[in-house]
1. Looking at the chain as a GNM with Cα springs under 10 Å, which of 226, 196, 305 has the largest mean-square fluctuation?
2. Around residue 306, which amide H atoms from residues at least 5 apart in sequence, or from another chain, sit under 5 Å from its own amide H, with H modelled in the peptide plane?
3. Counting only GluC sites (Glu not before Pro) that are in a DSSP loop and have at most 11 other C-beta atoms within 10 Å, tell me the longest site-free stretch of the chain.
4. Give me log10 I(q)/I(0) at q = 0.14, 0.21 Å⁻¹ for the range 97-138, Debye formula, one equal scatterer per alpha-carbon, no solvent.
5. Residue by residue through the range 214-220, which ³J(HN,Hα) values in whole Hz follow from phi under the Karplus form 6.51 cos²θ - 1.76 cosθ + 1.60 (θ = phi - 60°), with glycine and proline marked x?
6. How big is the Rg/Rh ratio for the range 105-177, C-alpha atoms only, Rh by Kirkwood, two decimals?
7. Once you've got the GNM for the chain with C-alpha springs shorter than 10 Å, pick whichever of 185, 200, 251 has the biggest mean-square fluctuation.
8. On full extension of the chain, what length is gained from residue 326 through residue 234, given 0.36 nm per residue of separation minus the C-alpha to C-alpha distance?
Amino acid sequence: MLLHQASLVRGRIPSPGAVVVHDMPDPRDHKATTQAEIAKKLAVLKGYTFAGTMTDGPPASESLYHVPGHTLIGLHRARHLGITDEHDLFGGVVPFEFIGTKAIAHPLGEPGAAAPPGWNPAFPEKVRDVTLSGFTAFSVDDALNAGERLLRKGRVRTKLACADGGRGQAMVSDVDELARFIASLDGSDVASGLVLEENLVSERTCSVGRVIVGDLTATYVGTQRLTRDNNGAITYGGSTLFVVRGEFEVLLSLVTSAEARLAISQARIWDAAATDCFDGLIASRRNYDVIQGMDQTGQWRSGVLEQSWRLGGATGAEILALETFRANPALVAVQVTTVEQFGANKPPPDEAFVYFRGEDRNVGYLTKYATVDAYHYA
């Protein structure tokens, strides 16, 4: 294992422990800077030292806390790193790659359809009542067949299972549009999973989550915002979250909105089903996107879209909430906001936790920050 940080002396991990990052994207990517800044905050929360980056060699200490850039794939790898439960990392571990993606949300289109090793048909059955109508496909033919069935009910949203931030998606109205979209994809992308799902209009996306860091547990519900990137495309623009100290029962005791309470309930069903169906799942960060809006018959609908057992767009707000709870034991809840802002014109507020501001090699100038907006006492 290689650790890169000036505070490490003679190859020994400072007591009581160290936070390390790995699986980082290109250092010129905003995600790499975000990952490092989040890890530094986590080190303070745990009373650990931030020890920089590491490779996947055997751990040098039992007191390492891991902050990977993605959901870790493989139980053997997790054990090799010394990760045995949710207190050993910020993020999650899954036994197979597809489990950490959108692919698990829906069943296959028909018996005998292509599926990756580890596919468990019990999961989409367990969450059928808390998701929208849809299918997952792992081959071009299966995607076309499943899409044709869904299109009989109206427009269909197609999504690459591994994409994030609203990217890798298309809205299709007929089989020809679907075929053109699939033809534009790389074959390996389709083999990793393509989700086909009914489309909602006048929709909003809720975020429901639970995070654990050391002795701190927080749960939340909130909504996401969209923005336009430097090329004018619509993408994720941030979230506003109501975060409570404690488990979901505390959150539900303070949330009165029927729509928010439904989102929380649906996310918890999804979470419980994942724990039941995927042996070895570990997650200290559990975040669920729940879409709510009108279907094509005019009926209001609500359903879980996907999970995030890794660093995500709301993580800056999650960490800021945990810091605020640590600093003020009398606080019951806080409202926190994350912002992803494209262009260099508008600086962040002075009090913001800024985890990226600069030129990203892929998306151009970007600022990412979080703020505490309101405090709630008992």
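1. In the Gaussian network model the winner is 226.
2. 289
3. Numbers: sites that count: 62, 351.
Free of exposed loop sites, the longest segment is 63-350.
4. With no solvent term, the Cα-only Debye profile gives -0.27, -0.62.
5. In residue order, the calculated couplings are x, 8, 9, 10, 9, 10, 7 Hz.
6. 0.94
7. Highest fluctuation among the options: 185.
8. 29.5 nm
Read-outs: derived from the displayed coordinates by stated rules, not from any lab. Please read these numbers as outputs of a predicted model, since none were measured by experiment. No Cβ is skipped: glycine too gets one built from the backbone with ideal geometry, and neighbour counts run over all protein chains shown.
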